[in-house]
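The structure appears right after this line, and notes come after that.
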Amino acid sequence: MASSFHQFLLLLCCSVWYLTHISQSQSSPLPNALLLPITKDATTLQYVTKILHGTPLVPVNLVVNLGGPLLWTDCSSRFASSSSRSIPSRSIKCSREKAHDLGTKRTTCPSSAQPCEVSTENGITRMATRGELVEDIVAVGSIAGSKATVDQFVFSCAPTFLLNGLASGAKGMMGLGRTPIALPSQISTALGTQQKFTICLSSSDGILVSDQGPHDSVFGPEISRSVTYTPLFSLQEHSIGVKSIKINGNRLSLNASLLSSNGGTKLSTIVPYTTMESTIYATFIKAYIQAAASMNMTRVASVAPFGLCFSSKGIDSKQLSLKVPAIDLVLQSEMVKWRILGRNSMVRVNDEVMCLGFLDGGLNPMTSIVLGGYQLEDIVLQFDLGTSMLGFSPSLLMWERSCSDFKFDSWPKYSL
């Protein structure tokens with residue numbers, strides 16, 4: 001009897017220790033979560049991050065391309081890394097890494113001495129060229145202040161002219177797309193982790209964090225519980241299925257097949273403001289003007305590149321969600337909506353004028369709707385590439401927060 005009582009006490013003590021340990025681990029920052037700070041360039045409106053690269057490790061600024069297939073950099077303007085290795089054209093690694101390269105054209109069988117080449121594009125200017133695939137050491141920071149190193153990270157060496165149009169100081173682009181050569185896949189393979197990452201952008205500073213545990217540890221339980229999930233489409237980029245659009249609760253009369261054509265609705269960090277196919281845009285603008293008039297908003301002359309502008313008189317920039325029409329992107333059901341409130345819809349161009357941050361994307365765009373960077377700011381976006389799901393939070397302004405708030409005392413000194 002005494003022995004059974006002692007066993008019960010031991011079990012009780014172990015259970016209390018376990019629950020306490022788990023509670024503490026979930027309420028503190030995850031030491032193994034990889035962390036990349038992101039800064040918005042005020043001139044180009046591009047989002048820029050920084051990695052360490054080569055031997056010795058040297059910081060390199062890169063423009064973040066959410067749907068980009070790979071990481072590319074201008075190798076000619078950098079130091080000669082002693083650990084850089086060229087990938088042969090007829091190697092297994094070349095064939096595997098070029099699986100996404102739809103631009104490859106083979107006219108002759110390459111020799112084993114030729115370097116592996118892949119189509120490399122500047123997503124801003126849409127200029128593309130052939131780049132040489134190489135592998136080298138890449139290091140990124142963690143929340144704990146240490147760094148994780150990938151010894152054989154594959155990227156493309158592109159010519160200097162491909163840098164045209166990038167933010168000042170940027171030496172290439174970092175692709176976060178759904179390909180084996182994109183950053184999330186390479187990090188996942190090298191470290192044996194799941195293909196998940198979370199990005200949180202702002203008008204100043206933001207972060208990209210690998211998913212190595214519960215989001216409560218970084219963003220807090222209230223924000224984490226607010227996340228809504230929707231399927232991701234497309235083989236390479238990150239697209240979602242928008243079934244309909246509502247303004248102030250009123251559904252727009254749109255052709256559903258048009259919404260889903262041309263790749264549906266893509267999320268982009270290299271397009272500053274949301275673009276819509278011309279017929280979608282015309283219907284959208286007409287409905288927005290009617291909703292704005294019902295709220296006594298005063299229309300004024302347009303300011304390029306925006307097509308619809310209003311007087312900012314009487315509109316409190318801190319309470320835009322209460323003063324301008326709400327936009328809902330209805331996803332897989334009426335219960336699943338991406339709500340765009342004032343902070344993510346209206347752009348203040350000067351002290352007197354605010355403009356709707358949605359642009360005409362033309363009659364035959366590659367994608368019917370592209371959600372631009374401005375519409376993604378101050379929203380927690382969780383990408384699970386393994387399950388092809390996207391989690392998105394409401395605007396953090398609901399909690400009087402911003403993506404620029406997530407900073408850590410142990411922020412790596414070599415980070416941006």
Task: Whole-Å semi-axes of the ellipsoid equivalent to the range 139-223 (Cα gyration tensor, √5λ, descending) - done: 25, 18, 12
Task: residue 190/residue 405 FRET efficiency (R0 22 Å; Cβ-Cβ; nearest 0.05) - done: 0.15
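With +1 on each Lys and Arg Cβ and -1 on each Asp and Glu Cβ, how big is the dipole of the range 227-392 about its Cα centre, in debye rounded to the nearest 20?
Using only the charged Cβ atoms, the result is roughly 400 debye.
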TODO: Add +1 for every Lys or Arg and -1 for every Asp or Glu among the other residues with Cβ under 14 Å from the Cβ of residue 152, and state the total.
DONE: -1
Open item on the list: Based on alpha-carbon atoms only, what is the radius of gyration of the range 227-392 relative to the globular estimate 2.2 N^0.38 Å?
Closed with: 1.00
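Bear in mind these aren't lab numbers, they're just calculated from the coordinates by the rules spelled out. Since this is a predicted model, take the numbers as computed values, not measurements. Quick reminder, even Gly has a Cβ in these numbers, built from the backbone with ideal geometry, and neighbours come from all protein chains shown.
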